[in-house]
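Engineer: Before we start, here is the structure in question, set down as structure tokens.
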Amino acid sequence: MKFLYLIGLLAIGTSIIMAEWRGSKSKKMRVAMTSITLAATLLALLLLIYPGLPGPTQMMKLLFGRLDKMME
């Protein structure tokens, strides 16, 4: 069942990239849009395969939690 979700996520990510690629004429915009979409698709795939991973908010809290305490 996860295999079908994996194929679906890849198909949605690819279709978003192709649709936005045709709509944008700027190279910078294409690169930015493609990298953001690929990053989001990769995160979705990782969460599909490993559902116990911490979310982005928890990861930022883990990385910058000590910095926040030091700044107070």
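Engineer: Sort through Leu67, Leu46 and tell me the only one that's loosely packed, with under 10 Cβ neighbours inside 10 Å, out of contact with any helix residue (DSSP H, G or I) (no Cβ under 8 Å at 6 or more places or on another chain) and assigned to a helix (DSSP H, G or I). Break it down into steps so the answer makes sense when it comes.
Structural biologist: On the way: Leu46 fails: loosely packed, with under 10 Cβ neighbours inside 10 Å.
Unique residue meeting the criteria: Leu67.
Engineer: So which of Gly13, Gly52 ends up being in contact with a Leu (Cβ under 8 Å, 6 or more places away or on another chain) and either of a type in the set (Ser, Thr, Tyr) or at negative phi (or both)? It would help to see each step written out before you state the result.
Structural biologist: Numbers: Gly52 fails: in contact with a Leu (Cβ under 8 Å, 6 or more places away or on another chain).
The unique qualifying residue is Gly13.
Engineer: Does the stretch 25-34 contain at least one residue that is polar (S, T, N, Q) and surrounded by fewer than 10 Cβ atoms within 10 Å (Cβ to Cβ)?
Structural biologist: Step one: filter the stretch 25-34 for residues polar (S, T, N, Q), giving 26, 34.
From what is left, the residues that are surrounded by fewer than 10 Cβ atoms within 10 Å (Cβ to Cβ) are 26.
Yes - at least one qualifying residue is present in the stretch 25-34.
Engineer: Here's a follow-up. Residues of the stretch 1-25 being among the hydroxyl-bearing types (Ser, Thr, Tyr) and touching a helix residue (DSSP H, G or I) at 6+ places or on another chain (Cβ under 9 Å), which ones?
Structural biologist: The first filter runs over the stretch 1-25 and keeps only residues among the hydroxyl-bearing types (Ser, Thr, Tyr), leaving 5, 14-15, 24.
Matches in the stretch 1-25: Tyr5, Thr14, Ser24.
Engineer: Additional query: Of everything in the stretch 23-38, what is assigned to a helix (DSSP H, G or I) and either at pLDDT 90 or above or hydroxyl-bearing (Ser, Thr, Tyr) (or both)? Give them in sequence order.
Structural biologist: Start the filter on the stretch 23-38 by keeping residues that are assigned to a helix (DSSP H, G or I), which leaves 23, 27-38.
Once the filter is applied, which keeps residues that are assigned to a helix (DSSP H, G or I) and either at pLDDT 90 or above or hydroxyl-bearing (Ser, Thr, Tyr) (or both), the stretch 23-38 yields Lys27, Lys28, Met29, Arg30, Val31, Ala32, Met33, Thr34, Ser35, Ile36, Thr37, Leu38.
The values are calculated or read from the model by the stated rules, or taken from the named source; none is laboratory data. Values in this document were obtained by computation on a predicted structure and should not be read as measured data. Ideal geometry is used to build each Cβ from the backbone, glycine not excepted, and the neighbour counts take in all protein chains shown.
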